[in-house]
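Inspection log for the structure reproduced underneath, given as C-alpha cells.
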Amino acid sequence: MKKITLKENWQMRICTQDEWLSASVPCSMISVLLKHHKMENPYWRCNEEQALELCRNDCEFRRTVTLDESFLQQQKVELVCEGLDTLSEIYVNGSLLAKTADMHRTYRLGCGEMLHSGENELLIRFRSPVEYIAHYKPEKGKETHIVPAGSMFGGHYLRKAQSMFGWDWGIQLPDMGIWRDISLEARTTPRLMGAEILQKHENGIVHLTVKAQTDTAEMTDNDCIAVQLTAPNGSVLEQKETARQGEETCFCFDVQHPQLWWPNGYGEQPLYQIEVCLLRDGNREESHTYSVGLRTLTVLHEPDKWGKSFTVCVNGLKIFARGANYIPEDAIYPFITLERQKALVQDARKENMNCLRIWGGGYYPSDDFYDLCDRAGILVWQDLMFADDTFDLTPELEENIVAETRDNVLRLRHHACLLLWCGNNEMESAWAYWENFQKEPPALRADYIKMFEYILPRTVQSCDHQTFYWASSPSSGGCFDRPDEATDGDVHYWDVWHGRKPFTDYRKYKFRFCSEFGFQSFPSVKTIDAFTEPKDRNIFSKVMESHQKNGSANGTILAYISQNFRYPGTLSGLIYLSQVLQGMAIKYGVEHWRRQRGQCMGSLFWQLNDNWPVVSWSAVDYFGRYKMLHYMARRFYAPTACSLLREGTHVGAYIQNETAQSGNYTAKLRLRALSGKLLDEVTCMGSAAPYSVACIGERDYEKLIHGRKERVIAEIEFSGTGLENTIETEPFVPYKYLELQKAQIQKKVQPVKDGWQITLHTDCFAPFVWLDLTDGDGEFSDNCFPLNGQEDRIVLLKNEDLHLPEGVTPEQALTATCLQDTYF
C-alpha cells in the first residue's frame, strides 16, 4: 500500500473573495482567518456575532499533488477523508468526485480514473451550515420547534457537532473545514480494515481471539495475515501467521498469568500490544497496532432490593464510578491538540476520577484521547453524537448515522477504557417528560424508537460484541419506561441549580447512578480579563452576558449567594463566592451518594472542561485554570475519602473506603469558636472494610451550642489508613450568619527541592482559603481549605507547574483569600 499524506500546502478562500490564504490540515475557515489576522478573535468581547456572520459564507480549500505512474498503476486509488466538516463538494482536476454531509464519518472515495501522472488539483468546497439549516424544509408531518438551550434552531438537520451551533455553555460558531487527516492511498492488496479483539477470562487465563478484517472476501494465494502479541514489558509472547481467510481471519492466543488492567485507583494499567499485518509474498503491505488492556468490563443492570442496579463491574469487582462529563476541548476544532487532551485527562486523574462521559452533543475524540485514557485508567462512557433534540429519520440520515457509528465503533472498540456505548443525551427523557417535546409530531417520536432502540444498537452490536449498550442517558433501559426513575438505571438531577433547591436536597435521593448534576461558577479574574476590557467587568454588561449562555444563570448564582453568604463588594469577591458555591454543591452530592455505596454506584458531575472562555459548570476553565471544584474533587473523589455529615446539631464522621484494604481510622470531633479556641473534643476510632462506608464517630452538640450557633463551627480531623490528616468543617447556620472576624493570613514561602513550600497560619477561623498567583499560574498540592486559627497548613507549589512573569518570585505573586475578605 502506498500513502501520500496531504497535510501541508493547502490554500483557503472565502468564496466571495479572491484572496487565497495558506493552510495546513487540520484547518477550518475560522482557524485560517485567525492565522492570517483576517478576523478578530471570536472569543474576545462580543466578537462571536461577527464570527457567526462569517459562517454564512461558503469557502474553498485547494492544493495540488504530484503523482507518478507507480502510484496510479495500483488496482485501487482512494482519497481518504477522516474529517470533513460538514457540507462538502470534492473536486479532482475540476470534476466532481463526491459530496459529503457528515463530519463524524470517514470517507474513502475511489478516484483513480480522475487522476493522472504529474500535477493534480484537489478542491473542496464547503457550503455554509448556517445557510443550510436556515433553508432546510422537513417533510410534512415532521416539522419541529425544538431548540436546545443556547443553540440555533435547525442544528439537528446536519450531522455536525450540535454544540457548534451553541449550547448553554458554548459559543455559536458553526465553522467548516478539513478538521482531520486527509490522504491518498493506492493498493493492489485488500485493505486491512482493522481487528476485533475479544477476551474470555477463565481460570486465571485470558483467551484472546483476534479477528483480522479486510475489505474483500476474494481469495488470493499470496496474501497472509500475521499477528504478534507483546507483553507490557515489551517482550514478544507469541507470533502467528496464516493465509488470509476471506474478509475475516481469526487467531487465538492464551495469555498465562495475565496482568490485568484496572481503572484509576483500583490497580495498574498494563497494556499488551497486538500487531496485525497484511503480507503479500512475504512483504508487509499494511499493519495496525492495538494497545489492549486485559480485563472484563460491563455494567450490571439487574434487579435488587432497591430496584434495578446500574453498576460498573471490572474484573468481577463492583466499583463506584467517580468522574465528570467531558465536552469538546475547543469550539474551533483545529485548535484541539494532543497537549490539551493530555492535560485534561491528567486533570481528571489528579481529581481521583476513574470515569469520563463523552457527551453526545459534541464529537468523537481522536485516537490519542482514548490512548491517554487507557494509560491513565479513565473509563470512557461514550455517547453517540445525539443530544436534546428531535431527528427526522430520512433515508439520507439513516445512511449517515449507520456509517458514522460503524466508523467510530470499529475505531474505538479495542480500547481498555471503553465502558459503554450510549445512544444519546436526554432524548428519551425529553420525549417522556419535557413539556415542549409533548407538542412534537408523533412521527418524530417513532423515529426516535427506530434510531435508538433498533438501528443504532444493532449497528453497534454488529461491530462490537462485548461492550455494553445503553439506549439513552438518563434511562431505565429504554421504551420511554420511567427514564428518570431514581431506583432504576441512571439519572440526571438538576433540581439543585435549575430548580434552585438547597444543596441539602441531594440527600433526599439515593440514585442508582447520577450521570449528570452540576452548578455554575465564574472563571478566574485572569480568565475574565482575557476576554474583557475593564469597562466590561460587571456580570450584567453585554460582554459578560455574551459569555454566559444560560439565560437565568447569573440570577441563580446570586440567589444561592443570598441563601448562603453575605453579598460581596467586588467582582473578584463575587467570582470567589461563585466558585465556593460550586464546590460546596458538588461536594454535598458526591459525599451523600458515596455514603450510599451499594445502592448508589456512580456520580459524574457536569462538567470537567470548557470549549471557550465562559461562565459555566466546569471544574477547569478554557485556559486550563483550576476552579475551587478541581481541588475539592481531589478530596471528595479520593479512593479513601472522609466526610462530615451534619443534620441539625448532630454531627457524624464518615469514611468511604474504595480500596482493597481494610482501614483503621481516628476522628477527632471538635467544637471550635470562630476565634480558633477549642471548646470541645471527642476522639473516636473505627474501621472500614474494603469497598465500604463506615460511620466512625457521632456527637450531638445541641446543649453545647445553645445560644451561640453563630459563633461556633463543627470540625473533624480525620487520620488513618490511606489518609493524610484531613480537616472538615461546617457551621450550624448559613455562613452569612456567622460572626466571623477579619482574618490575618500569614504566608511563609520557602524554596525546596523542585518547588516552593508555603506555610499558612491565621489568627482566627478562616474558611475556604484560596491560593492564587497574581499575573501567573501554578498548581498547588492543596487549595480551598479551612484554617482553624490554631494549626499551620503546609502547601507545595511545584516549579514544573509554575508560570510567572520574568523576575517575579512566588513569594511576590502569592495571594491568599478567605471568606471574610469578600465583605470586610
Checklist entry - According to a simple spin-label model (label point 7 Å from Cα along Cα-to-Cβ), what is the distance in nm between residue 558 and residue 739? => result 3.1 nm
Checklist entry - Taking the Cα centre of the chain as origin and charging only Cβ (+1 Lys, Arg; -1 Asp, Glu), how large is the dipole, in debye to the nearest 20? => result 2340 debye
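Under a Cβ-only charge scheme (Lys and Arg +1, Asp and Glu -1), can you give me the dipole magnitude of segment 739-784 about the Cα centre, in debye to the nearest 20?
Numbers: 4 positive and 8 negative charges, 52 e Å.
Using only the charged Cβ atoms, the result is roughly 260 debye.
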Checklist outcome for this item: Of the candidates 370, 72, 589, the farthest towards the positive dipole end of the chain (Lys/Arg Cβ +1, Asp/Glu Cβ -1, centred on the Cα centre) is 589
Checklist entry - Gain in length, residue 235 to residue 69, computed as 0.36 nm per residue apart minus the alpha-carbon separation, to one decimal in nm? => result 55.6 nm
Next on the checklist: Would you calculate the convex hull of the Cα atoms in segment 4-63 and tell me its volume per residue in Å³?
Outcome noted: 76 Å³
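Ignoring ligands, DNA and RNA, what accessible area per residue does the chain give at 1.4 Å, in Å²?
Working: 31220 Å² over 824 residues.
Accessible area per residue, the chain: 38 Å².
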Item to check | Where labels lie 7 Å past Cα in the beta-carbon direction, separation of residue 462 and residue 798 in nm | outcome: 4.7 nm
Item to check | Greater than 32 Å apart at Cα, pairs in 439/549; 510/627; 318/587; 142/308; 587/703 | outcome: 142/308
Next on the checklist: Only four residue types carry charge here, +1 at the Cβ of Lys and Arg and -1 at the Cβ of Asp and Glu. Report the dipole size of segment 596-664 about the Cα centre in Debye, rounded to the nearest 20.
Outcome noted: 120 debye
Checklist outcome for this item: For segment 602-690, whose charge dipole is built from +1 on Lys and Arg Cβ atoms and -1 on Asp and Glu Cβ atoms, the candidate among 609, 662, 649 with its Cα farthest towards the positive end is 649
Item to check | Qualifying chymotrypsin sites (Phe, Trp or Tyr not before Pro) in segment 525-614, DSSP loop, other Cβ atoms within 10 Å at most 16 | outcome: 540
Checklist entry - Using alpha-carbon positions, what is the distance between the centroids of segment 352-408 and segment 623-675, in Å? => result 34 Å
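For Cα pairs less than 8 Å apart in space and 6+ apart in sequence, what is the mean separation divided by the residue count of the chain, i.e. the relative contact order in percent? Before the final figure, lay out each step's value.
On the way: 1965 pairs, mean separation 74.1, N = 824.
Taking the mean separation of contacting Cα pairs over the length of the chain, I get 9 percent.
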Checklist entry - Residues in segment 447-473 near a label at residue 402, defined as backbone nitrogen under 16 Å from the 7 Å Cα→Cβ point? => result 450-464
Next on the checklist: If you average 1/r across every pair of different Cα atoms in segment 744-807 and take the reciprocal, what Kirkwood value do you get, in Å?
Outcome noted: 12.4 Å
Checklist outcome for this item: extent check for segment 101-229: Cα max minus min per principal axis, descending, whole Å, gives 57, 56, 31
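Find the percent of Cα-Cα distances in segment 471-530 that exceed 19 Å, and round it to a whole number.
Summing the P(r) tail past 19 Å for segment 471-530 gives 44 percent.
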Checklist entry - Using 0.36 nm per residue, how much length does the chain from residue 9 to residue 145 gain when fully extended, once their Cα-Cα distance is taken away? => result 44.6 nm
Next on the checklist: Could you tell me which residue out of 270, 523, 511 lies farthest along the dipole of the chain toward its positive end? Charges go on the beta carbon: Lys and Arg +1, Asp and Glu -1, centred on the Cα centre.
Outcome noted: 511
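What are the DSSP H helices in the chain that stretch 27 Å or more along their long axis, judged by alpha-carbon atoms, and whose average Kyte-Doolittle hydropathy comes to at least -0.5? Don't jump to the answer; show the numbers that get you there.
Working: long enough: 571-595 (36 Å, 0.14).
Helix filter hits for the chain: 571-595.
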Checklist entry - Are there trypsin sites (Lys or Arg not before Pro) in segment 741-824 that DSSP puts in a loop and that have at most 11 other Cβ atoms within 10 Å, and which ones? => result 753
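Which translational diffusion coefficient, to the nearest whole µm²/s, is obtained for segment 250-322 from the Stokes-Einstein equation, given a Kirkwood hydrodynamic radius over C-alpha pairs, 10 °C and 1.306 mPa s? Mind showing how you got there, number by number?
On the way: Rh = 15.4 Å.
After rounding, the answer is 103 µm²/s.
In the neighborhood of residue 131, defined by Cβ-to-Cβ distances under 9 Å, what is the net charge if each Lys or Arg adds +1 and each Asp or Glu adds -1?
On the way: positive: 56, 127; negative: 58.
Residues close to residue 131 contribute a combined charge of +1.
Can you pull the percent of Cα pairs in the chain with separation above 37 Å?
On the way: 161371 of 339076 pairs.
Summing the P(r) tail past 37 Å for the chain gives 48 percent.
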Checklist outcome for this item: Carbon plus sulfur, as percent of the 1.4 Å-probe accessible area of the chain, comes to 46 percent
Next on the checklist: To make sure I understand the rule: partners must be lysines, Cα under 16 Å from the Cα of residue 99, and not fewer than 8 residues away in the same chain. Which ones qualify?
Outcome noted: 160
Checklist entry - On the first, second and third principal axes, largest extent first, how far apart are the outermost C-alpha atoms of segment 532-647 in Å? => result 51, 31, 22
Item to check | Under-5 Å amide H pairs with residue 549, H placed in peptide plane, nonlocal only | outcome: 615
Item to check | Global geometry of segment 683-824, whether rounded, prolate or oblate, following the gyration tensor of its Cα atoms and the 1.5 cut on a/c | outcome: oblate
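The values are calculated or read from the model by the stated rules, or taken from the named source; none is laboratory data. In this text the structure is predicted, and so the values were computed from the model without any measurement. Glycine also receives a Cβ, built like all others from the backbone with ideal geometry; neighbour counts cover every protein chain displayed. Note: accessible area is taken over every heavy atom of the protein model, side chains too, but ligands, DNA and RNA are not part of it. Shrake-Rupley method; radii C 1.70, N 1.55, O 1.52, S 1.80 Å.
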